[in-house]
Amino acid sequence: MYKYIKKLIRNIIDYFFYPYLKVKELPSVRPSIKSIYYFINQLGKNKPVGLTRVASVAYHEVPFAEIKVKTSRNDLQKRIELISNNFEFNNKVGIDIGCAIGGVTFSLQKMGAKMIGIERDLPAFNVATEIEAYFKTGANFIHSSISPSLLEEVLKKFNHKEFDFTIWLSSFNWVLGDLGEESTKDLINSLSQKSTYLICDSAIGGKGQKFLTQSKIESNEDFVNFIEDNSQYKLEKVLGKYDSWYNRDLFLFKRVTN
């Protein structure tokens, strides 16, 4: 009974503190803040893996003060600072694998990068594209799972010879679970041929750890070895650590060819 009352009180508070929860129908005026809120309320309906499965809750923030929503994690600014303090994004072409609603994609686009976000969950993709339609940052989004063939398709679609960098944060575990070890190795190798830099975290810990364990990835060091052993990437720098998020290290890899 106590848990039910506590949940009820929390829901009532959220309803008044987060106006977006009231937007249940798609507004006739699009794009708009209300239409963005409508699509945020569709999040979780496909029950995707990870924290994107929570109904009406975004995985992370977006860099727009006008959008106020509940999120599963609230460290977007810290992640962006760790990355941007160690890499120059202006005029660089990048992809964001598993971009969710586009928090990192939009942040780097605003720093001058030419970003392409890739997201397989349709509700999250719809939020990202509606945000882009409203704010017009110039970022692009693709609704798809990641694969070597998709990398080639994206390069051709946007008329790029290669990517300057790839962002891959907190979804390596889920990709490994979906593709399996051998196909993931193929993906990493293909990525290293098409993207000069890889900026990623180890994705260790949490519910997705079981997929990493199957490939003998139990630590940040194991993750580095997996990347280096199966691609042309070599570790250039450890950018920092997510102390409050399974102690995952954030890495910068660079393609090295003999």
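The values are calculated or read from the model by the stated rules, or taken from the named source; none is laboratory data. Everything numeric in this text was worked out from a predicted model, so none of it was measured. Quick reminder, even Gly has a Cβ in these numbers, built from the backbone with ideal geometry, and neighbours come from all protein chains shown.
Scanning the stretch 47-100 for residues that are within 16 Å of residue 119 (Cα to Cα) and outside any loop (DSSP other than H, G, I, E, B) yields 50, 51, 52, 53, 58, 94, 95, 96, 97.
Yes/no matrix, rows are residues, columns are (1) of a type in the set (A, V, I, L, M); (2) farther than 26 Å from residue 153 by Cβ:
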| site | (1), (2) |
| --- | --- |
| 191 | yes, no |
| 201 | no, no |
| 209 | no, yes |
| 213 | no, yes |
| 220 | no, yes |
| 225 | no, yes |
| 230 | no, no |
| 236 | no, yes |
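If you go through the stretch 225-234, how many residues are under 23 Å from residue 99 (Cα atoms) and in a strand (DSSP E or B)? Show your work before the answer.
Of the stretch 225-234, the ones under 23 Å from residue 99 (Cα atoms) are 226-227, 231, 233.
Now drop any that are not in a strand (DSSP E or B), which leaves 233.
Adding up the residues that qualify gives 1.
Residue check: is residue 83 more than 24 Å from residue 159 (Cα to Cα) and either surrounded by fewer than 20 Cβ atoms within 10 Å (Cβ to Cβ) or not polar (S, T, N, Q) (or both)? In short, yes. Close Cβ contacts (under 7 Å, 6 or more residues apart or on different chains) running from residues in the stretch 119-136 that are assigned to a helix (DSSP H, G or I) to residues that are surrounded by fewer than 22 Cβ atoms within 10 Å (Cβ to Cβ) and hydrophobic (A, V, I, L, M, F, W, C) comprise 135/64.
Are any residues in the stretch 1-46 basic (Lys, Arg) and at pLDDT 75 or above, and if so, which ones?
Residues of the stretch 1-46 basic (Lys, Arg): 3, 6-7, 10, 22, 24, 30, 34, 45.
Across the stretch 1-46, the qualifying residues are 22, 24, 30, 34, 45.
Say whether the condition of being among the charged types (D, E, K, R), under 27 Å from residue 237 (Cβ atoms) and surrounded by fewer than 20 Cβ atoms within 10 Å (Cβ to Cβ) is met by at least one residue in the stretch 95-104. Checking the stretch 95-104: not a single residue is among the charged types (D, E, K, R), under 27 Å from residue 237 (Cβ atoms) and surrounded by fewer than 20 Cβ atoms within 10 Å (Cβ to Cβ).
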